[in-house]
Every structure is written in structure tokens, then in C-alpha cells.
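The structure under discussion appears below in the form of C-alpha cells.
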Amino acid sequence: MTVKVGVIGTGMIGSEHVGRLSRQVVGARVSAVFDVATERAAEVAAPAGATAHTSWEALVADPGVDAVVIASPGELHPDQTVACIEAGKPVLCEKPLATTPAEALRVVQAEAATGRRLVQVGFMRRYDLGYIDVKKAMSDGTIGEPLLAHAVHRNASVPDFFQGEMSMTDSVVHEFDVFRWLFDSEITAVTVVPVKQSPLGAPHLRDPQIVLLRMTGGEVVTVESFVNCRYGYDVRCEVVGSLGTVSLDNPRTTVVIGGAGRSERMPADWRERFASAYLTELQVWVADVAAGRVDGPSAWDGYAATAVADAAVTSYGKGERVDIDLAAKPALYA
Ligand code: NAD
Ligand code: ISE
């Protein structure tokens, strides 16, 4: 079976997903796209042989669309995801599932009411081989009992539309998800520690910041968020256990030796660093959809990560630790 995919949003990541689905993912083709930027949508649709719709509602209703990828701005995700649920179509919604916990919970409740999983959230780090190895070392005894972790999340720069709280809701939200997944537990409290601001960042960016997370089991995670580090895209993760540590490495592309030194290229951005993870994410999702299931990061995962992001924004404002109180988890996500 070929899964006919409709893609909402053909900006940076949406156009990349269209390319991967059209050229690389086995068993998929892009049958429709929509973007309010109609010229861009037409440019992306043409090589894929896809129809460019005049509204996202028309794309969701199109009988030639079996499943939907949402890659529009985060605040639009809840309405678009709920429409897919109501149409009974599997949907891979880019992170964040929503920009507020209430909106994310609305999606969870809409899906839970149907009694079946239709929603997957684009937390692609769970498909990255480095993170998969870290999780394995945490669970097979290699590092003993995992106790704490350190993470770094640096972007060379972010687009102009990136506002202050987006460092939590749009960027560090990946860390909230990945540490819930690695430790297989919820985050119970978050504290954001403001740091001396980089003179090179826009004042509204609150950059850099340190975020402290406490997990259900008492483990603590430190996250450095720096969305304007200038030198490249640098994602790090080290988990400290009772017997040793396990660290993520940036996949090496080139090592240059010369001038009495040795240097390694840094990925320019998330497109380069996580290229294989996005491809695996889409390939697994398409295979699952063809098999009649959705199995990846869930709407509940999207809600929990958004709840932590919201608490982090509050912590920044209050300058103190904020506890996280999640809603009751529907049986669908047990
Ligand atoms: P972008 O601004 O490049 O693209 C967003 C697109 O959505 C634009 O083309 C815009 O015209 C379009 N759009 C605006 N209103 C719309 C509407 N009503 N309906 C349909 N489309 C509409 O942004 P981006 O970087 O591609 O990010 C898109 C989403 O993907 C965001 O939620 C972002 O957080 C997420 N993202 C995820 C990753 C990841 O690593 N998983 C990486 C980048 C972006
Ligand atoms: C971007 O939207 C992503 O999701 C990237 O993975 C993340 O590293 C970046 O900070 C976000 O802006």
C-alpha cells in the first residue's frame, strides 16, 4: 500500500518532509500540500506531483489524503490536529503539539474520546541512533543506576519570529520530551536560572538560560539553552550513573588535520544534525500507518512536554521552582 500524505505548512521543515516523503521514504507519496504562502506551496507541490490546496481544511477532507503531516507554526497545531482526529486520519504533528497545556490537553481528550491512537508528535530525537544508544546504556546496566544528566542545546541563531518564551516552548521542549523518554518518568518540577545575557542576542531572547528538571525518581537534569551561540548547532547529553557515564556525540562529518591542529566540522543546524532521525521517524510512521497503527511519541507526550515548557516560562517570570501537576492520564496512553 502507498500511503498518500498531505502536508500542512511548506516552510523550513515542511518542505524538507515533503522532499523526504517523495524521494526517500518507502511506501509513501505526497498527494497534497497547503501553505498560506501559496507561491511557496506551489513550488513545493510541483516536483512531488502534489495538489496545492486552498485551505488546510480542504487538505484534511481530501479523500486522496490518507494521513497528514502538520508543519505549520505551533499555535495552529491543536485545531489542525483535532480536525485530523475528527476525520479519522493519522497525523504526524511537528512539535510542539500546542503552545499551552490547555490546548495540548484538548488534543489528548479529542483523541482519547475516539479510543484509538491517531496522533504522533514530531519528537524525532527518539529516532536518533545516538539517543537510542544512550537509552540502551541507561537500561542495560552499563552505567549502573542513572542518577542525573547534563544537556546542552545550542542553535547558531534563530529566526526573527522566535520570541523569548519560544526557547522553552519550541526549543527546550525537545529536552523535556527526551528526558521523560530516557528516564521513563515524568518531570515533576522545573527551575529556570537566568544567566548573563549574550551581547549578540536580541534582548527578548533571554539567552542563554539554565533549566533544572527534577524527575519522578529524584533524578536531576541540567539543560543549557543557548539559541544564539553563533558557532553552529550543538546538542549534547551526558547521563551520569552509579557506575559510569554515557554521552551523546555529534555525528562527525569531516575531521581536518593540519596547521598543527585537528578540527571537526559542527552541524550548521537541526536539518543537518538530525537528518537521519527525521528520515527514520517518517519511515517508521509511514510503515505504521500502512499497518493500521500509530505508535510513536503520543499526544500525551506532547501534552506533558508542553506542560513542562509552560511551567518553565512561569519559573522564569517568578524566579523560582515551579511544580508540574499533570492532568489524569487517559487509559489510551497507559
Ligand atoms: P517556518 O516558518 O519555516 O514554516 C512554517 C510554515 O507554516 C510557513 O511556510 C508558513 O507560511 C506556514 N503557515 C502559516 N500559517 C499557516 C496556516 N494557517 N496553515 C498552514 N501553514 C501555515 O517554520 P518551521 O521551522 O518549518 O517550523 C514549523 C513547525 O515545525 C514548528 O512547529 C516548529 O517548531 C517545528 N519544527 C520542528 C523541528 C524538529 O526538529 N522536529 C525543526 C524545525 C521546526
Ligand atoms: C527548532 O524548531 C527545532 O525543533 C530544533 O530541533 C531545535 O533544536 C531548535 O531549537 C528549534 O528552534
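Below are the figures for this structure:
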{"read-out": "Theoretical gain in end-to-end length, S139 to I210 [0.36 nm per residue, Cα-Cα removed]", "value": "22.9 nm"}
{"read-out": "Surface per residue (accessible, 1.4 Å probe) for the stretch 70-184, Å²", "value": "36 Å²"}
{"read-out": "The stretch 197-334, accessible surface, carbon-and-sulfur percent (1.4 angstrom probe)", "value": "52 percent"}
{"read-out": "Helix axis angle, 38-48 relative to the chain longest principal axis, alpha carbon, degrees", "value": "80 degrees"}
{"read-out": "Karplus-derived 3J(HN,Hα), 6.51/-1.76/1.60, for each residue of the stretch 132-146, Hz, glycine and proline x", "value": "5, 5, 4, 4, 4, 5, 6, 9, 9, x, 3, 9, x, 8, x"}
{"read-out": "Across K4/K329; K196/K318; K196/K329, pairs whose alpha-carbon gap is larger than 28 Å", "value": "K4/K329; K196/K329"}
{"read-out": "Whole-number accessible area per residue in Å² for the stretch 218-334, which is evaluated in the context of all protein chains at 1.4 Å", "value": "47 Å²"}
{"read-out": "In Å, descending, principal axis extents of the Cα set of the stretch 94-215", "value": "46, 40, 26"}
{"read-out": "Carbon plus sulfur fraction of accessible area for the stretch 90-183, probe 1.4 Å, in percent", "value": "56 percent"}
{"read-out": "Distance from the stretch 256-272 to the stretch 102-116 (C-alpha centre basis), Å", "value": "44 Å"}
{"read-out": "With at most 10 other Cβ atoms within 10 Å, longest stretch of the chain clear of loop chymotrypsin sites (Phe, Trp or Tyr not before Pro) (DSSP)", "value": "1-160"}
{"read-out": "Distance from the stretch 205-231 to the stretch 120-160 (C-alpha centre basis), Å", "value": "13 Å"}
{"read-out": "Part-to-part distance (alpha-carbon centres) for the stretch 5-74 and the stretch 292-326, which is given in Å", "value": "28 Å"}
{"read-out": "Quarter of the Cα convex hull surface for the chain, i.e. its orientation-mean projected area (nm²)", "value": "18.4 nm²"}
{"read-out": "Portion, in percent, of the accessible area of the stretch 21-67 that falls on carbon or sulfur, probe 1.4 Å", "value": "54 percent"}
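The values are calculated or read from the model by the stated rules, or taken from the named source; none is laboratory data. Just so it is clear, the structure is predicted and the values come from calculations on it, not from any experiment. Neighbour counts run over all protein chains shown; Cβ positions are idealised from the backbone, glycine included. Heads up: the accessible areas ignore ligands, DNA and RNA and are worked out on the full protein's heavy atoms, side chains in. Shrake-Rupley method; radii C 1.70, N 1.55, O 1.52, S 1.80 Å.
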